[in-house]
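Visitor: One structure is given below, represented as structure tokens, and several questions about it will come after.
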């Protein structure tokens, strides 16, 4: 059974999220603050984190959490400003859910994020002039031998595009594959994650060779660069 860590300073909200996830079949551990969350991260094998940063700087919290682990991260908050969501996604969060939320929506978001980290089939590595992508074990290796860490959502986007190499993938199809059938409002999330991917993977992020956006059409991975 997958264990999800719910970290939320509000006891009522923490109990609600815990109840929602347990009813959905997850094991749940809870933390009331950052210190307790970090302690549980060290001691427990977890499948993902649902976190409300509370009074702490949310961007700093997510950056710190991402630096410690590559677990899927879903931020839940009563702060719904779009720029705040973008900053949190840029810091390493995989999804953002505004309070109050429905029980089924939280469980569905968790399931969707967990699907992104499931092992892929044994596809051969994709080799370019600058890097090698191993989809089977989710490894991105530069030609100098260094590895680049991607978040679960970034990996899912890479897999979608690399699996359709040289072919244009419509933006609507990318959104549905990564965020589910009701993902029309996730275009800003997509832009942020693709920008992060280019900064991590492209030799010149300002002039991408491999991960291309065709304005008004969709996205394409070109292994030939």
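The values are calculated or read from the model by the stated rules, or taken from the named source; none is laboratory data. All of these numbers come straight from a predicted model, not from anything done at the bench. Note that each Cβ is placed from the backbone with ideal geometry, even for glycine, and that neighbours are counted across all protein chains shown.
Visitor: Given the conditions (1) closer than 25 Å to residue 155 by Cα; (2) surrounded by fewer than 18 Cβ atoms within 10 Å (Cβ to Cβ), report the number of the one that residue 53 does not fulfil.
Guide: (2)
Visitor: Look at residue 44 and say whether it is in contact with a helix residue (DSSP H, G or I) (Cβ under 7 Å, 6 or more places away or on another chain) and touching a residue at least 24 places away in the same chain (Cβ under 8 Å).
Guide: no
Visitor: Which numbered condition in (1) surrounded by fewer than 20 Cβ atoms within 10 Å (Cβ to Cβ); (2) touching a helix residue (DSSP H, G or I) at 6+ places or on another chain (Cβ under 7 Å); (3) on the phi < 0 side of the Ramachandran plot; (4) at pLDDT below 90 is the only one that residue 138 fails?
Guide: (3) is the only condition that residue 138 fails.
Visitor: Let me confirm something: among 201, 168, 217, which residue is touching a strand residue (DSSP E or B) at 6+ places or on another chain (Cβ under 9 Å), outside the structural domain of residue 73 (by TED's automatic domain parsing) and surrounded by 16 or more Cβ atoms within 10 Å (Cβ to Cβ)?
Guide: The match here is 201.
Visitor: Quick check on this structure: which one of 106, 97 is assigned by TED's automatic domain parsing to the domain that holds residue 54, in a strand (DSSP E or B), touching a strand residue (DSSP E or B) at 6+ places or on another chain (Cβ under 7 Å) and surrounded by 14 or more Cβ atoms within 10 Å (Cβ to Cβ)?
Guide: 97
Visitor: Go through the stretch 30-65 and count every residue that is assigned to a loop (DSSP other than H, G, I, E, B), out of contact with any strand residue (DSSP E or B) (no Cβ under 6 Å at 6 or more places or on another chain) and closer than 16 Å to residue 88 by Cα.
Guide: The qualifying residues number 5.
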